[in-house]
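Participant: Please see the structure below; I have some questions.
The values are calculated or read from the model by the stated rules, or taken from the named source; none is laboratory data. Note that the coordinates shown come from a computational prediction; the quantities given were computed from them, not determined experimentally. Cβ placement follows ideal geometry from the backbone for every residue including glycine, while neighbour counts extend to all protein chains displayed.
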Amino acid sequence: MSALQPSDLDRPALARGRSAAADTDLKSVSAALRRAEFGDRLRSLALAAPLLVLLALSFGIPIVLLLSRAVYDPTIAEALPKTTAALADWNGQGQPGDAALAALAADLSDNQAKGTAYELAKSINARLPGARSQVLKTVRKLENAGGQPPLDIMKSVPFWTAPGTWPAIASGTHRLTSFYLLSALDLRWNADGGIERVPPEQAIFLQVFMRTFFVAAAVTLATLLLGFPLAYLISSVPKGLAAILIVAVLLPFWTSILVRTAAWTVLLQKFGLVNDLLLWLGVGSDRLDLMYSRMGLIIAMTHIQLPFTLLPIYSVMRTIQPSQMKAAYSLGARPFTAFRRVYLPQVFPGVMAGCLLTFILCLGYYITPALIGGASDQLISNFIANYVNVELNWEMAAALSFILLVFTLALFGIFARILGFDRLKLV
Amino acid sequence: MKHVRKNLLALAAATACMTIGHAAFADELSIMASGGAWQDAQRKAWFEPFSKETGVKILEQEYLGDLGKVKAMVDTGNVPIDLVTVETATVLQGCDAGILERLDYSKIGPRDKFIEGSALDCGVGLDAYGDILAYDPTVLKDAPTSVLDLFDTTKFPGKRAMRKFPAQNLEWALMADGVAPADIYKVLATPEGVDRAFKKLDTIKKDIVWWDAGAQPAQLLASKEVVMTTAWNGRIQNAIDTDGKPFKIVWNNQILEYDMIAIPKGAKSPDLAYKYLAYISEPKNNAKLASYITYGPVRTDAASFVAPDALPKLPNAPDHLSGAYLVADTEFWGDYGEDLVKRFNAWLAQ
């Protein structure tokens, strides 16, 4: 055997050795690359940091804090520590006994002294309509007791020994509550611990959610029917004319939504321009009630939303070469077939993006329904605003917002799943 | 769902507040009122003369009466206003909720010299106004004679506007259903009474256009959107006197109420606020508002100071109390308001 020759057996080993070396090189290169990229990413992140912090502070955290009110309500638990303790071993059946009643009396007096009796009364009232005045009445009686034992005072108010009272209080002593979320869906806990629908005269929200979705869908459809041909027209006329048409679309887009809504009230009212025109044209013999109606609301919202649907569609249409359609014709396709098989699949992402944008924006409409809609055309945002501003029941507002947010995100998720996020072309 | 314009205004006001809050110094008094002809009248009758007399600069803000804004200010501890005008039921709500300061009447004036119900623990009365019916005689040839004609759709067909709020509407519904004014609140305190009122409202529900802001009734009448509307008397009188509208007011079965002013908890200049309250509560000054808007004084000893030409237009003028009328029961609305508002909103949405 002379000098060692690389044998067949050795070859793979050598090859392995070589590839290992190459691997190491590659690894170090990619590691260096990663390091460099990481540095870059860090720098770009640092540039974006002020914005991210601002978003988190002014947007993310407040939203989470407010939404958490929907499920976290410590008011009753904090106001009634003694009662909570006394109720610890109550089985939820019948009356909890004198000890709990006495503990509640002590808690109520403490609350009156601290000035939190109203908050407590309001919180119990949300669970048990009518409780507010009973709680405050009892508090006043306890305050002016004049030597009468607190237990006797509690027993003199029939409310505290009524069947529904104690289950409501006991449920309130839990800090985490499903009460508001259930209410937002017209549901409640019944006495046996099951979930049931609320009586029909109290049920509003499901109906309002349905209405909100219906109006949003109707407006989306209307903007699509109006926007698609207009977008096609803009994308097919010469540049100068297209610019004029685009400005015509954008001009109202730049106008305040309040101004546009107010303008529609002028147009739609009983003795307004639209009714004058219809009468002059002889369309109807009577003036229509367009204001404070579903019809008027959808007309005004369609006008406001048109650019949101149109612009994504237009931006996609602009990229489609007219030569493709000509090619389709030259290959023997009829206009409709060419449109359906060549044009439509390409504009589809734009159509979906525009419709999604409009639909989601419509779900949050507030000003236009308030000014143009009638009492039965108010959307869910109007109810949320009412709970925030007028009734001061922010828990209920949070619960409604939460449900609306979940619906919206689910819808967005479904769209994104059908289309893929990268295909959604938002302008 | 109420008050869009109000919210936008309030947003603007809030932005303004932030800047004002920082710049506030001792002799500035920040008052938030509910805008429109009423705030204009307050400016002429009280803000400007008070400024001239005391050298205190008055900073005005506008909103339309929802306590949510004030609650947010008090909760966050940044209260850029010293005084806020509110409705009576709202005073009770805000008082219970600890949003409004309990007033010290020794710094304002003799409490027993106010009309009963117009000097509350957390709010002092500014004026007395009437919830009335208004119509345009050039449209409605057959003149209504009572607010309760709202419910007569055979004699007065067409849309009618009512305030999007249960108070007043439930009272009128019961009156129209035959309940005597003296028994209204007794009946309304029972579940059957509430059902009865809503059943009566049901009969005209499809004919009702709802208004939120005090300026809307006059607009709705002017645009002929409705044939009749409930309204606050001063707003309609203002449209008649300054805009030359041909509207008429029906006083029979009016509901009398008081506008209030309150100090939010944590106000920066409570002493100046009390000074202002004392100023406007003087009988002579209290009567002055009537010259600028047709709302009556709340001091029992102020009647003699009311300008003679303003007197016959006030809601509490003898002529306007000759028919049936009702004084709104603020205690009742304090106790039952929240539940009735909820029921009312559910009823509206259905």
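Participant: Evaluate segment A:224-239: report whether one residue or more is surrounded by 15 or more Cβ atoms within 10 Å (Cβ to Cβ) and on the phi > 0 side of the Ramachandran plot.
Facilitator: Scanning segment A:224-239, I find no residue that is surrounded by 15 or more Cβ atoms within 10 Å (Cβ to Cβ) and on the phi > 0 side of the Ramachandran plot, so the answer is no.
Participant: Same structure again: Taking segment A:266-324 only, how many residues are buried (at least 17 other Cβ atoms within 10 Å of the Cβ), within 35 Å of the chain's Cα centre (by Cα) and in a helix (DSSP H, G or I)?
Facilitator: Residues that pass the stated criteria total 26.
Participant: Within segment B:216-232, which residues are away from chain A (no Cβ under 13 Å) and of a type in the set (A, V, I, L, M)?
Facilitator: Of everything in segment B:216-232, those that are away from chain A (no Cβ under 13 Å) and of a type in the set (A, V, I, L, M) turn out to be B:218, B:228, B:231.
Participant: For residue A:258, state whether it is loosely packed, with under 14 Cβ neighbours inside 10 Å, in the same structural domain as residue A:224 (by TED's automatic domain parsing) and either under 31 Å from the mean Cα position of the chain (by Cα) or closer than 23 Å to residue A:379 by Cα (or both).
Facilitator: no
Participant: Hey, residue B:323 hits all of (1) surrounded by fewer than 18 Cβ atoms within 10 Å (Cβ to Cβ); (2) without any contact (Cβ under 8 Å) to a residue 12 or more places away in the chain but one; which does it fall short on?
Facilitator: (2)
Participant: For segment B:111-151, name all the residues that are of a type in the set (D, E, K, R) and part of a loop (DSSP other than H, G, I, E, B).
Facilitator: B:116, B:121, B:136, B:141, B:142
Participant: Has segment A:151-158 got any residue that is surrounded by 17 or more Cβ atoms within 10 Å (Cβ to Cβ) and more than 23 Å from residue A:394 (Cβ to Cβ)?
Facilitator: Within segment A:151-158 (the criterion being surrounded by 17 or more Cβ atoms within 10 Å (Cβ to Cβ) and more than 23 Å from residue A:394 (Cβ to Cβ)), the answer is yes, since at least one residue qualifies.
Participant: Does residue A:249 satisfy the condition of being over 22 Å from residue A:95 (Cβ atoms), outside the structural domain of residue A:102 (by TED's automatic domain parsing), crowded, with 19+ Cβ neighbours inside 10 Å and of a type outside the set (Ser, Thr, Tyr)?
Facilitator: no
Participant: Among the residues that make up segment A:294-306, is at least one of them touching a helix residue (DSSP H, G or I) at 6+ places or on another chain (Cβ under 7 Å) and facing chain B (nearest Cβ under 10 Å)?
Facilitator: Within segment A:294-306, not a single residue is touching a helix residue (DSSP H, G or I) at 6+ places or on another chain (Cβ under 7 Å) and facing chain B (nearest Cβ under 10 Å).
Participant: What's the total number of residues in segment B:53-71 that are under 24 Å from residue B:214 (Cα atoms) and either more than 14 Å from chain A (Cβ to nearest Cβ) or among the small types (Gly, Ala, Ser) (or both)?
Facilitator: 7
Participant: Further question: Test of understanding: among B:294, B:300, which residue is surrounded by fewer than 21 Cβ atoms within 10 Å (Cβ to Cβ), more than 14 Å from chain A (Cβ to nearest Cβ) and at pLDDT 90 or above?
Facilitator: Exactly one residue qualifies, and that residue is B:300.
Participant: Within segment B:181-192, track down each residue that is surrounded by 12 or more Cβ atoms within 10 Å (Cβ to Cβ) and not charged (D, E, K, R).
Facilitator: B:181, B:184, B:185, B:187, B:188, B:189
Participant: Of everything in segment A:257-281 that's in contact (Cβ under 8 Å) with a residue 60 or more places away in the chain and not small (Gly, Ala, Ser), which residue is farthest from the other protein chains (Cβ to nearest Cβ)?
Facilitator: Looking at residues that are in contact (Cβ under 8 Å) with a residue 60 or more places away in the chain and not small (Gly, Ala, Ser), I get A:264.
Participant: Is it the case that segment B:279-286 has a residue that's aromatic (Phe, Trp, Tyr), without any contact (Cβ under 8 Å) to a residue 60 or more places away in the chain and more than 20 Å from residue A:129 (Cα to Cα)?
Facilitator: Checked against the condition, which is being aromatic (Phe, Trp, Tyr), without any contact (Cβ under 8 Å) to a residue 60 or more places away in the chain and more than 20 Å from residue A:129 (Cα to Cα), segment B:279-286 yields no hits at all.
Participant: Can you tell me which residue among B:41, B:14, B:37, B:45 is small (Gly, Ala, Ser) and either assigned by TED's automatic domain parsing to the domain that holds residue B:231 or at pLDDT below 70 (or both)?
Facilitator: Answer to the selection: B:14.
Participant: Quick one: residue A:208 ticks every box in (1) farther than 30 Å from residue A:396 by Cβ; (2) modelled with pLDDT of 90 or more; (3) crowded, with 16+ Cβ neighbours inside 10 Å bar one, so which box is it?
Facilitator: The number of the failed condition is (1).
Participant: Being within 14 Å of another protein chain (Cβ to nearest Cβ) and modelled with pLDDT under 85 narrows it down to one of B:329, B:339, so name that one.
Facilitator: Selected residue: B:339, the only one of B:329, B:339 that is within 14 Å of another protein chain (Cβ to nearest Cβ) and modelled with pLDDT under 85.
Participant: Exactly one condition in (1) out of contact with any Lys or Arg (no Cβ under 6 Å at 6 or more places or on another chain); (2) within 14 Å of another protein chain (Cβ to nearest Cβ); (3) at pLDDT below 90 is false for residue A:251; which is it?
Facilitator: Answer for residue A:251: the failing condition is (2).
Participant: Here's something else I'd like to know. Return a yes/no flag: does segment B:264-286 have any residue that is buried (at least 24 other Cβ atoms within 10 Å of the Cβ) and in a loop (DSSP other than H, G, I, E, B).
Facilitator: No, that holds for no residue.
Participant: Answer yes or no: is there a residue in segment A:64-76 that is of a type outside the set (D, E, K, R), within 30 Å of residue A:151 (Cα to Cα) and either part of a helix (DSSP H, G or I) or modelled with pLDDT under 85 (or both).
Facilitator: For segment A:64-76, residues of a type outside the set (D, E, K, R), within 30 Å of residue A:151 (Cα to Cα) and either part of a helix (DSSP H, G or I) or modelled with pLDDT under 85 (or both): present.
Participant: Is it the case that some residue within segment B:310-318 is more than 14 Å from chain A (Cβ to nearest Cβ), touching a His at 6+ places or on another chain (Cβ under 9 Å) and closer than 19 Å to residue B:118 by Cβ?
Facilitator: Checked segment B:310-318: at least one residue is more than 14 Å from chain A (Cβ to nearest Cβ), touching a His at 6+ places or on another chain (Cβ under 9 Å) and closer than 19 Å to residue B:118 by Cβ.
Participant: Here's a check for you: in segment B:54-78, which residue that is in contact with a Cys (Cβ under 9 Å, 6 or more places away or on another chain) and crowded, with 21+ Cβ neighbours inside 10 Å is farthest from residue B:336 (Cα to Cα)?
Facilitator: Among them, the one singled out is B:61.
Participant: Going by what's in this entry, would residue A:164 be described as in contact (Cβ under 8 Å) with a residue 12 or more places away in the chain, among the small types (Gly, Ala, Ser) and more than 20 Å from residue A:392 (Cβ to Cβ)?
Facilitator: It is true that residue A:164 is in contact (Cβ under 8 Å) with a residue 12 or more places away in the chain, among the small types (Gly, Ala, Ser) and more than 20 Å from residue A:392 (Cβ to Cβ).
Participant: So, one more: List the helices (runs of 4 or more DSSP H) that sit entirely inside segment B:174-254 and contain at least 2 residues that are more than 21 Å from residue B:161 (Cβ to Cβ) and in contact (Cβ under 8 Å) with a residue 60 or more places away in the chain.
Facilitator: Once the helices (runs of 4 or more DSSP H) in segment B:174-254 are filtered for at least 2 residues that are more than 21 Å from residue B:161 (Cβ to Cβ) and in contact (Cβ under 8 Å) with a residue 60 or more places away in the chain, what remains is B:184-188.
Participant: Given the conditions (1) in contact with a Leu (Cβ under 7 Å, 6 or more places away or on another chain); (2) at pLDDT below 95, which single one is not true for residue A:270?
Facilitator: Exception for residue A:270: condition (1).
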